[in-house]
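A short worksheet on the structure shown next.
The values are calculated or read from the model by the stated rules, or taken from the named source; none is laboratory data. Please read all numbers here as calculations on a predicted model, not as lab measurements. Cβ sites come from the backbone with ideal geometry, for glycine too, and all protein chains shown count toward neighbours. These accessible areas exclude ligands, DNA and RNA; they are computed on the full protein's heavy atoms, side chains included. Shrake-Rupley method; radii C 1.70, N 1.55, O 1.52, S 1.80 Å.
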Amino acid sequence: MKKKFFIIYIKRENLSIADISNDLNISFPTIKTIINKFLKDNIIKEDLKVGTGAGRKAQNYSLENNFVYSIGISVHLKELKIVLGNERGDIIKETIIKENFLKNNLIEKIDEILEEFLLEINEQVEKKLIGIGISVPGIVDKENNIIEITSSLRIPLNKIQNLSQKYNKKILIDNEANLCAISEKFLGLGKEFPNFIVLNIGDILNMSTFTEEDDYGNFSFKASRINHMNINFQGILCECGNRGCWGKYASEIALLEKFNNLDNNITKIKDIFKNDYLINENYSNLFNEYIEYLAIGIKNIIFLYNPEKIIISGKLSKYKENFKSELLEKIYSNNIFFRGKNTIEFSNLQEKGICLGAAMLPIIDELF
């Protein structure tokens, strides 16, 4: 059933039983039975019949709007975002709380915020609430039953199970790069590519490889600890104990710290691209150095994975016109790669990718 829904979800509109039957190579009566079930469950709706003349007109179908909802929670170093979204990735409600959440009481804080958020959702929406997705800037280790935020911050995974029992909702948790990959595949640029890499530039650098395994919606993804890829063994000391980790040079925090040292009014990424900062030689040189380090890491990724596409997400992607050409030039000068500059794309979802992916996670887990 899930494979059939993948085709319907991706196309969304102007669906006919004959088209779905041909796409899946499944008999017309079987698809008709599935369509009737989706109609009964209010997942799809009948469109006006199409055709000309006096003959029998074909019945088309479209995906219903707001047939299901989910909540997405994204945890960052200094803030937490919680959104209510629908099956199309439309954000219905959003709350952002500024606080340091990467502590041992992380799940307890999520519980507190979630409880308040749910009280503000009307009863009709809550009836259609399929689950809750949580993104963390770390690894979810199911084998050892822990959420590893950092080497020194590990949270028992069974706390999520307890939260799920309390709210009687499916609660899923995953690395933020994996959730970026999900949002790109179902809502963003990844719809066009069967295989791609997402590089998320945030508080830390996160990466996920997405692989579409067949034509029926089966896929896999895997996060990498790219933040600690070494680009200078005698470089800046990292929290992990090593020197020269890529995140110390190319993360959002690294960029802001450098600019803040020149002007303490620069506290957000958007501040860098206003007030003609980059026209000033000091700021311009600082940003060029940042782009150089970003390019070094991306070149390493291309050498390692030879990806079909790399989608760069995060707040920085919003300002791509300010540095895209320079970044590509640094990556592809003396080009010995198999593919060219069109390998690199910038996400249209920008910093919303993580939270949207968290919200989509329970929907995809249930329906696909």
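Consider Asn100 against the criteria (1) open to solvent by 90 Å² or more (accessible area, probe 1.4 Å); (2) in a loop (DSSP other than H, G, I, E, B); (3) free of Cβ contacts under 8 Å to residues at least 24 places away in the same chain; (4) not charged (D, E, K, R): it satisfies all of them except one. Which criterion is unmet?
The failed condition is (1).
Filter region 250-281 down to the residues that are charged (D, E, K, R), on the phi < 0 side of the Ramachandran plot and either open to solvent by 50 Å² or more (accessible area, probe 1.4 Å) or outside any helix (DSSP H, G or I) (or both) and list them by number. Talk me through it step by step, then tell me what you get.
Looking only at region 250-281, we keep the residues that are charged (D, E, K, R), and these are 252, 257-258, 263, 268, 270-271, 274, 276, 281.
With on the phi < 0 side of the Ramachandran plot added as a condition, the list becomes 252, 257-258, 263, 268, 270-271, 274, 281.
Residues satisfying the conditions are Glu257, Asp263, Lys268, Lys270, Lys274, Glu281.
For region 116-163, which positions are touching a Lys or Arg at 6+ places or on another chain (Cβ under 9 Å), free of Cβ contacts under 8 Å to residues at least 24 places away in the same chain and either hydrophobic (A, V, I, L, M, F, W, C) or assigned to a helix (DSSP H, G or I) (or both)?
Answer for region 116-163, where residues must be touching a Lys or Arg at 6+ places or on another chain (Cβ under 9 Å), free of Cβ contacts under 8 Å to residues at least 24 places away in the same chain and either hydrophobic (A, V, I, L, M, F, W, C) or assigned to a helix (DSSP H, G or I) (or both): Ile146, Leu157.
Looking at Glu94, is it under 19 Å from Leu361 (Cα atoms) and of a type in the set (D, E, K, R)?
yes
Mind listing just one residue for me: the one in region 76-93 that is open to solvent by 60 Å² or more (accessible area, probe 1.4 Å) and out of contact with any Gly (no Cβ under 9 Å at 6 or more places or on another chain) and, of those, farthest from Leu118 (Cα to Cα)?
Step by step, filter region 76-93, then rank; the result is Lys78.
Consider region 8-42. How many of its residues are open to solvent by less than 20 Å² (accessible area, probe 1.4 Å) and under 17 Å from Glu366 (Cα atoms)?
Counting residues in region 8-42 that are open to solvent by less than 20 Å² (accessible area, probe 1.4 Å) and under 17 Å from Glu366 (Cα atoms) gives 4.
Looking at region 207-230 only, could you name the residues that are of a type in the set (S, T, N, Q) and open to solvent by 10 Å² or more (accessible area, probe 1.4 Å)?
Within region 207-230, Thr209, Thr211, Asn218, Ser220, Ser224, Asn227, Asn230 qualify.
Restricted to region 182-213, and to residues that are under 9 Å from the mean Cα position of the chain (by Cα) and charged (D, E, K, R), which residue is modelled with the lowest pLDDT?
Lys185
Is it fair to say Ile298 is of a type in the set (A, V, I, L, M, F, W, C), without any contact (Cβ under 8 Å) to a residue 60 or more places away in the chain, open to solvent by less than 10 Å² (accessible area, probe 1.4 Å) and in a helix (DSSP H, G or I)?
Numbers: of a type in the set (A, V, I, L, M, F, W, C): yes; without any contact (Cβ under 8 Å) to a residue 60 or more places away in the chain: no; open to solvent by less than 10 Å² (accessible area, probe 1.4 Å): yes; in a helix (DSSP H, G or I): yes.
Taking the combined requirement at face value, the residue does not satisfy it.
Among the numbered criteria (1) closer than 24 Å to Ile272 by Cβ; (2) surrounded by 13 or more Cβ atoms within 10 Å (Cβ to Cβ); (3) at pLDDT 90 or above, which one does Glu321 miss?
Of everything listed in (1) closer than 24 Å to Ile272 by Cβ; (2) surrounded by 13 or more Cβ atoms within 10 Å (Cβ to Cβ); (3) at pLDDT 90 or above, Glu321 misses just condition (2).
Could you tell me whether Tyr283 is over 27 Å from the mean Cα position of the chain (by Cα) and farther than 21 Å from Gln350 by Cα?
Yes; evaluated as a whole, the condition is true for this residue.
Inside region 324-350, can you point out the residues that are open to solvent by less than 30 Å² (accessible area, probe 1.4 Å), in a helix (DSSP H, G or I) and either at positive phi or among the aromatic types (Phe, Trp, Tyr) (or both)?
Of everything in region 324-350, just one residue is open to solvent by less than 30 Å² (accessible area, probe 1.4 Å), in a helix (DSSP H, G or I) and either at positive phi or among the aromatic types (Phe, Trp, Tyr) (or both), namely Tyr332.
List the residue pairs whose Cβ atoms are under 7 Å apart, where the first residue sits in region 351-365 and is touching a residue at least 60 places away in the same chain (Cβ under 8 Å) and open to solvent by 20 Å² or more (accessible area, probe 1.4 Å), the second is assigned to a helix (DSSP H, G or I) and of a type in the set (Lys, Arg), and the two are 6 or more positions apart or on different chains.
Once the first residue is touching a residue at least 60 places away in the same chain (Cβ under 8 Å) and open to solvent by 20 Å² or more (accessible area, probe 1.4 Å) and sits in region 351-365, its partners that are assigned to a helix (DSSP H, G or I) and of a type in the set (Lys, Arg) give Glu351/Lys315.
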